1. Restricting to the stretch 100-117, and then to whatever is near the ligand (Cβ under 8 Å from one of its atoms) and either in contact with a Leu (Cβ under 7 Å, 6 or more places away or on another chain) or not in a helix (DSSP H, G or I) (or both), can you tell me which residue is least open to solvent (accessible area, probe 1.4 Å)?
2. With the condition kept exactly as written, say whether any residue in the stretch 141-162 is within 12 Å of the ligand (Cβ to nearest atom) and open to solvent by 40 Å² or more (accessible area, probe 1.4 Å).
3. Where the second residue is in a loop (DSSP other than H, G, I, E, B) and small (Gly, Ala, Ser) and the first is touching a residue at least 24 places away in the same chain (Cβ under 8 Å) and lies in the stretch 95-107, which pairs have Cβ atoms under 9 Å and are six or more apart or on separate chains?
4. Can you name the residue in the stretch 16-52 that is outside any strand (DSSP E or B), touching a His at 6+ places or on another chain (Cβ under 9 Å) and open to solvent by 30 Å² or more (accessible area, probe 1.4 Å) and, of all such residues, is nearest to Cys212 (Cα to Cα)?
5. Residues to consider are Ala97, Ala137; find the one that is within 14 Å of the ligand (Cβ to nearest atom), over 14 Å from the mean Cα position of the chain (by Cα) and either closer than 16 Å to Lys180 by Cβ or not charged (D, E, K, R) (or both).
6. Considering (1) open to solvent by 50 Å² or more (accessible area, probe 1.4 Å); (2) within 16 Å of the ligand (Cβ to nearest atom); (3) in a loop (DSSP other than H, G, I, E, B), say which one Asp194 fails and leave the rest.
7. Can you pull out the residues in the stretch 118-130 that are surrounded by 23 or more Cβ atoms within 10 Å (Cβ to Cβ) and either in a loop (DSSP other than H, G, I, E, B) or out of contact with any Gly (no Cβ under 8 Å at 6 or more places or on another chain) (or both)?
8. For Glu214, indicate whether it is loosely packed, with under 13 Cβ neighbours inside 10 Å, within 18 Å of Arg19 (Cα to Cα) and not hydroxyl-bearing (Ser, Thr, Tyr).
Amino acid sequence: MINIAIDGHVGSGKSTLARGLAKKLGFNVFDTGAIYRGLACEFKEKGYKSIDENTISDFISSVEVKIFFEGDVQHVVVNGHDHTPNLRREEISMLSAQISPFPVLRDKVKDLQRHFAKEHNCIMEGRDIGTVVLPNADLKFFITASEEVRAQRRFDQVKDKPNSPSYQEILNDLRERDYKDEHRTIAPLKPAKDAIILDTSNMTLDDTINKCIEIINNKLN
Ligand code: DC
């Protein structure tokens, strides 16, 4: 199987890039953040009051995660609850960043990810795919853009929705999540040694897709 890893910062556009590339290559996309988000939804639903090692161990020992695809949409089902409609809520973004550093939870997600990669030609996107989950991926990209560009892109997506956060709130949230992702002891966000780093601050989505396709064609013929 051919596995391409895409890691990068919050709001760097890696999910959109992964979907664009998958369409061109006929691959599956596996959005690993969605699993952490699905677990966060279930954690919230179960009403846990604190986030510590004991609570997370207790929680994770009782969860069963199933992933299935409906067209392009990756569904995340935890203990029979399909959390897909709630995955992108702001509170879930923050909660998933809080629960994701715990090794016992990451191990569970890692098993799911590796199982999927073994059976599919896929583009897997996340934070630690090139470094931890698929260290032998055929190709690794690390996508980033300046904080301001990332916050503006997110603001443009949500500004017309009711109760949408301000640009400044989005920027603050993004900084906080970057900090959590980069400073956790287990699987912190960083480029793998053999990753190709792309800063998309001044690139359109099409520019980025074309650049990646060129690299993929050169590397994988
Ligand atoms: O990519 P995302 O914003 O949907 O990810 C949600 C959270 O999940 C993010 O704050 C950190 C965590 N995450 C992770 O720790 N490792 C991954 N491979 C993907 C996401």
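The values are calculated or read from the model by the stated rules, or taken from the named source; none is laboratory data. Remember, predicted model here, so these are calculated numbers, not experimental data. Cβ: placed from backbone, ideal geometry, glycine included. Neighbour counts: every protein chain shown. With ligands, DNA and RNA removed, areas are computed over all heavy atoms of the protein, side chains included. Shrake-Rupley method; radii C 1.70, N 1.55, O 1.52, S 1.80 Å.
1. Ser100
2. Just the residues of the stretch 141-162 that are within 12 Å of the ligand (Cβ to nearest atom), to begin with: 143, 150, 154.
Those still in the list that are open to solvent by 40 Å² or more (accessible area, probe 1.4 Å) too: 154.
There is at least one residue in the stretch 141-162 that is within 12 Å of the ligand (Cβ to nearest atom) and open to solvent by 40 Å² or more (accessible area, probe 1.4 Å).
3. Listed pairs, sorted by first residue: Ser100/Ala187; Pro101/Ala187; Pro103/Ala187; Arg106/Ser100; Arg106/Ala187.
4. This residue is Phe27.
5. From the options Ala97, Ala137, the qualifying one is Ala137.
6. (2)
7. Going through the stretch 118-130, the residues surrounded by 23 or more Cβ atoms within 10 Å (Cβ to Cβ) turn out to be 122-130.
Correct list: Cys122, Ile123, Met124, Arg127, Asp128, Ile129, Gly130.
8. Yes.
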